[in-house]
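*Asks:* Please find one structure pasted underneath; my questions will follow.
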Amino acid sequence: MSVSFHGVRGSTACHDHQTHRYGGNTSCVSLQAKNQNPIIFDLGTGLRYMGGQNIEAEAKPFVGACLLTHLHWDHVQGLPFFKSLLREETVLDIYAPKQEDGRNLRELFLKKIGPPIFPISLDEFHAQINFHEIGDDDFMIGSTKITSRFVPHVGPTLGFRVTSENIAVTYLPDHQQPVGNFSITGAARQLCQGTDLLIHDSQYTPAEFETKSDWGHSTLEYAMWVAETTSAKKLALFHHDPSRTDDALDVIAQRLAVAAKNRGFEVFAAADGLTVEVCGVV
Ligand SMILES: [Zn+2]
Ligand SMILES: [Zn+2]
């Protein structure tokens, strides 16, 4: 299974000479399994670059699904800039968490994508966009198995585990670390246990977490602990803080790579434009 990172930044997009190597787009990752339609994790600003789409390229039709963790800006802002929405052949199925107050997903999106906040309404795009409200569910998309579970963050937030051809990829971009001793909810453990690739929130250093402990995120050390305690094979550090420079990420990634090797797994820092092939254990 191929996993491509189009946006790896948390909270807000950033663009400057200190962040351009790892990239400044917000959360968007795509999965391509053999003979299956693509599955996208989140619709951050990285979505605009998926499939090598750029300003010059003609809009290509897209048929596939999005597993949306939650509705925060950094996870949805790319949607109206996804050129494939201009094609009427496009069918995008968005699976997103049902809201505690029962508000309808399509109506919530129409409030975000429509005048006066956006020039045109989401309903004016030519594509067919279907919303599916989900919670703690197990379902299939084609022959790919999807496990969705609510995880601690700010507001209703899902994590996902996608399994195809005995290869599992877990996506937990926004995950509130407990204050005090490390622990993990049963639901998050279900998503992570023995996964081949764990894409996990690693926004803060321990010092940053001290003043932002209720902002819904994890430290790099907690991401490492989750990977180790759930026997994940490989950890992708993800949802980098917008203030984290490329040079700082280089140092972190090198330090943690050595630590992870001693703890029985691999780690790397996700970067915009990076594609990794995920293989199961043989
Ligand atoms: Zn986020
Ligand atoms: Zn969030």
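*Asks:* So which lysines can Lys261 reach, going by Cα to Cα under 19 Å and dropping same-chain residues fewer than 8 places off?
*Replies:* Hits, sequence-local ones excluded: Lys233, Lys234.
*Asks:* On to the next question. Leaving ligands, DNA and RNA out of it, report the carbon-plus-sulfur percent of the accessible area of the stretch 1-43 at a 1.4 Å probe. Show your work: numbers first, answer last.
*Replies:* Details: 760 of 1670 Å².
Of the solvent-accessible surface of the stretch 1-43, carbon and sulfur hold 45 percent.
*Asks:* Related question: For the pair His126 and Ser231, what calculated FRET efficiency results from E = 1/(1 + (r/R0)^6), where r is the Cβ-Cβ distance and R0 = 51 Å, to the nearest 0.05? Intermediate values should be presented prior to the final figure.
*Replies:* Working: r = 45 Å, r/R0 = 0.89.
That gives a FRET efficiency of 0.65.
*Asks:* Leaving out ligands, DNA and RNA, and with a 1.4 Å probe, what % of the accessible surface on the stretch 150-282 is carbon or sulfur?
*Replies:* Summing carbon and sulfur atoms, their accessible area is 55 percent of the total for the stretch 150-282.
*Asks:* Compute the projected area of the convex hull of the Cα atoms of the chain, averaged over all viewing directions, and report it in nm² to one decimal place.
*Replies:* 14.7
*Asks:* Okay, next question. Computed over the Cα atoms of the stretch 155-222, what is the ratio Rg over Rh, Rh following Kirkwood?
*Replies:* Result: Rg/Rh = 1.00.
*Asks:* So what J values fall out for the stretch 214-229 if you push phi through Karplus, 6.51 cos²θ - 1.76 cosθ + 1.60 with θ = phi - 60°, rounded to Hz, Gly and Pro as x?
*Replies:* My calculation for the stretch 214-229 gives 10, 8, x, 10, 10, 8, 4, 5, 5, 4, 4, 5, 4, 4, 5, 6 Hz in order.
*Asks:* I've got another one for you. In terms of Cα to Cα distance under 19 Å, which lysines are near enough to Lys83, apart from those fewer than 8 places away along the same chain?
*Replies:* Lys60, Lys112
*Asks:* Separate question: Could you tell me what percent of the DSSP beta bridges with both partners in the chain are antiparallel, to the nearest 5?
*Replies:* So the antiparallel bridges in the chain amount to around 45 percent.
*Asks:* Tell me the per residue accessible area of the chain using a 1.4 Å probe; a whole number in Å² is fine.
*Replies:* Roughly 44 Å² per residue, with all protein chains present.
*Asks:* While we're on this one: Between Glu165 and residues 5 or more places away or on another chain, which pairs have amide H atoms under 5 Å apart, with H built 1.01 Å from N, and which residues are they?
*Replies:* none
*Asks:* Next up: Could you pull out every residue, at least 5 positions away or on a different chain, whose amide H is within less than 5 Å of the one on Ala269? Hs are placed 1.01 Å off N in the peptide plane, and Pro or chain starts have none.
*Replies:* It is Leu237, by chain and number.
The values are calculated or read from the model by the stated rules, or taken from the named source; none is laboratory data. Source: prediction; values computed, not measured. As a convention, Cβ positions derive from the backbone with ideal geometry for all residues, glycine included, and neighbour counts pool all protein chains shown. Accessible surface areas use protein heavy atoms only, side chains included; no ligands, DNA or RNA. Shrake-Rupley method; radii C 1.70, N 1.55, O 1.52, S 1.80 Å.
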